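**Student:** Pasting a structure below so you can have a look.
Every read-out reported here was derived from the displayed coordinates using simple, explicitly stated rules and does not represent laboratory data. As the structure is a prediction and not an experimental result, all values here were calculated from the model. Please note: Cβ atoms are built from the backbone with ideal geometry, for glycine as well, and neighbour counts cover all protein chains shown.
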Amino acid sequence: MKKLIVGKAKASNVCGPALTEQRASVTVLEDKMNFVRRVTLVGISQKGKNRINECGEQWEVIKTDNKVLFSPIAGPWLFIQAVMNPSKVRWIHELHDEDFVIQ
């Protein structure tokens, strides 16, 4: 997947995806009708730091939900997949996660 880095203006490329939105380290790429949101995680607990060492700091958001069955805390919850190791997936709270901060 190819990234186009631009300022605030929208850009398009006939041969590849168009960068439609960029905030800090959160990038949304448009490739035909598939949207991919990548986030950079920073571990704040020992568990989070170990996960970053194992799987890398770049993750792709697979799904966003306001409610999950394992926690009474309301969302936004992100179901993410490691870019470096796609078999590693997990749920994190976008704003108040115990193990990670989205940078």
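**Student:** T64 passes all but one of (1) exposed (fewer than 14 other Cβ atoms within 10 Å of the Cβ); (2) not in a strand (DSSP E or B); which number fails?
**Tutor:** (2)
**Student:** Kindly evaluate P76 against the criterion of being within 21 Å of F35 (Cβ to Cβ), without any contact (Cβ under 8 Å) to a residue 12 or more places away in the chain and not hydrophobic (A, V, I, L, M, F, W, C).
**Tutor:** The answer is no for P76.
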